[in-house]
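Peer 1: My questions will all concern the structure given below.
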Amino acid sequence: MGNAQFETVGLPLLTAAAAFLAALVLGKACIPMLRRLKAGQAIREVGPSWHNTKAGTPTMGGIIFIAAATAAAVVLGWPQMRRGHYEHLFVLGFALVYGIIGFLDDYVKVKKKRNLGLTALQKFALQLAAAACYLALLRWSGHMTNDLYIPFTNVTVRIPWVVYMVFAMFVVVGCVNAVNLTDGIDGLAAGVTMPVMAFFAVTAAVWGVFERSTLALVPAALFGGLGGFLVYNFHPAKVFMGDTGSLYLGAAVCGLAFALDMPLILVLVGLVYILETVSVILQVGYFKLTHGKRIFRMTPIHHHFEMCGWSEVKIFTVFTLITLVCCTAAFFGVLGRY
């Protein structure tokens, strides 16, 4: 394998393996520490009653895969960084900012021993500001254009910059919170996001053949880090990722989509995230219009399936497989671009 081939194929694989092992080690150290700090999860009063048994399970476990993925991507990307390739640091930094917002939210929850952290306005303002800064950085560095790429057609539509930036900011905030809603049962957010990261890793690697980009390192590292985290987060979960992890993941997902200049692909690779969000919007709207009637037994929609008798493992498996199929289709949908 030549040096160029190694950097675009072998290096992301090595990064994924390193992040997986790092997450396994960090999980062993972090979970007991979170227990000692009494960083236990408070369970929503309106959630499924059987979730009450999960009260006290350590939260903020997202720091496990965040640290593992960041270390793997930075250390193994160092030779490329010395040659002036920093693309992956943009995404890592952006995701980390959202992880900090999530950490603040988790900290308030743990401190006050309730399931509500920062106010909705506080979170929205912080997220919108972070999105604006990241998108401005991508535009300044030339990694994002105002040509909206339409998958499967290999067509781009030019949009005025002001319109595109406003559109992009709300896509980012919406995507991040959609991933956050998906984190409702053991392993679900991690399991669903792994195929998404695999899609971005392969897509970025194909793109990197031509551009020598380091972007593939981020999704590869997160794929491995989430795999290691799932050892502890799969049902029955020994630790939850908390908003620390889910907001970080949401930012990584949409951050990669915009860094690769293909935000519309989020509709397909993020189908489960979207369904989770739409189920909540429909439920709330219908409840208000009909003065108390419901479409679903409970939302987000994974809770509806729980109420229908599906086990957490079955929901995890079905939702992850749906995402895997969507991500496979998405890859063929963007392949013509390269």
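Peer 1: How many Å³ per residue does the convex hull of the Cα positions in region 216-338 occupy?
Peer 2: 131 Å³
Peer 1: Can you list which of the DSSP-assigned H helices in the chain have a Cα extent of 20 Å or more along the long axis and an average Kyte-Doolittle score of at least 1.6?
Peer 2: Span-like helices here: 62-76, 161-182, 188-211, 312-334.
Peer 1: Note down the accessible area of His88, probe 1.4 Å, to the nearest 10 Å².
Peer 2: Only protein atoms counted, so the area is about 0 Å².
Peer 1: Springs between alpha-carbon pairs under 10 angstrom, Gaussian network model over the chain: which of Val172, Val202, Val253 fluctuates most?
Peer 2: Most flexible of the set in this elastic network: Val202.
Peer 1: Met307 to Thr119: FRET efficiency via 1/(1 + (r/R0)^6), r the Cβ-Cβ distance, R0 22 Å, to the nearest 0.05?
Peer 2: Efficiency for this residue pair is about 0.15.
Peer 1: Contour minus end-to-end for Trp78 and Lys293, with contour as 0.36 nm per residue of separation and end-to-end as the Cα-Cα distance?
Peer 2: The Trp78-Lys293 span can extend by a further 71.8 nm.
Peer 1: Now, a different point. For every helix of n ≥ 4 consecutive DSSP H residues, a contribution of -39,500 (n - 2.57) applies; sum these over the chain, divide by its total residues, and give [θ] at 222 nm rounded to the nearest 500 deg cm²/dmol.
Peer 2: Values: 13 runs with 228 residues, N = 338.
The helix contribution divided over the chain gives -22500 deg cm²/dmol.
Peer 1: Let me check I've understood the local charge: for Ile281, count other residues with C-beta under 15 angstrom from its C-beta, Lys and Arg +1, Asp and Glu -1. What total comes out?
Peer 2: Every neighbour counted, the sum reads +1.
Peer 1: Decide, for region 151-197, between rounded, prolate and oblate: order the square roots of the alpha carbon gyration tensor eigenvalues as a ≥ b ≥ c, take rounded if a/c falls under 1.5, and otherwise choose prolate if a/b is larger than b/c, else oblate.
Peer 2: Oblate is the answer for region 151-197, as a/c is 1.5 or above yet b/c matches or exceeds a/b.
Peer 1: Which pairs break 31 Å Cα to Cα here: Lys111/Lys314; Lys293/Lys314; Lys111/Lys293; Lys54/Lys293?
Peer 2: Cα-Cα > 31 Å for Lys111/Lys314; Lys111/Lys293; rest within.
Peer 1: Evaluate Rg over Rh across the chain, taking Cα atoms for both radii and Kirkwood's formula for Rh.
Peer 2: 0.96
Peer 1: Picking from Pro160, Pro32, Pro195, which is most flexible by a Gaussian network model of the chain using Cα springs under 10 Å?
Peer 2: Largest GNM mean-square fluctuation: Pro160.
Peer 1: For the pair Val155/Lys238, report the inter-label distance in nm, with labels modelled 7 Å from Cα in the Cβ direction.
Peer 2: Distance between label points: 5.2 nm.
Peer 1: Report the residue, chosen from Phe103, Phe170, Phe234, that carries the largest GNM mean-square fluctuation when the chain is represented by alpha-carbon nodes joined by springs under 10 Å.
Peer 2: The residue with the greatest mean-square fluctuation here is Phe170.
Peer 1: A further question on this structure: Between Ala136 and Thr317, what FRET efficiency follows from the Cβ-Cβ distance if R0 is 25 Å, with the result rounded to 0.05?
Peer 2: Details: r = 40 Å, r/R0 = 1.60.
In this case the efficiency is close to 0.05.
Peer 1: Mind listing the lone cysteines of the chain, meaning no other Cys beta-carbon sits under 4.7 Å from theirs?
Peer 2: Isolated Cys, the chain: Cys30, Cys133, Cys308, Cys326, Cys327.
Peer 1: Let me ask another. Place the peptides 146-156, 92-102, 238-248 in order of packing, highest mean first, counting for every residue the other Cβ atoms within 10 Å and averaging per peptide. Could you put the intermediate results ahead of the total?
Peer 2: Numbers: 146-156: 14.6, 92-102: 23.7, 238-248: 27.9.
My ranking of the peptides, most packed first, is 238-248, 92-102, 146-156.
Peer 1: With N residues in region 84-198, what two-decimal value do you get for its Cα radius of gyration over 2.2 N^0.38 Å?
Peer 2: That works out to 1.23 for region 84-198.
Peer 1: Right, something else. By average Cβ neighbour count within 10 Å, what is the ranking of 276-288, 65-77, 321-333 from highest down?
Peer 2: In descending order of packing, they fall as 65-77, 321-333, 276-288.
The values are calculated or read from the model by the stated rules, or taken from the named source; none is laboratory data. Note that the structure is a prediction, hence the values are computed from the model and not measured. No Cβ is skipped: glycine too gets one built from the backbone with ideal geometry, and neighbour counts run over all protein chains shown. All accessible areas refer to the heavy atoms of the entire protein, side chains included, with ligands and DNA or RNA removed. Shrake-Rupley method; radii C 1.70, N 1.55, O 1.52, S 1.80 Å.
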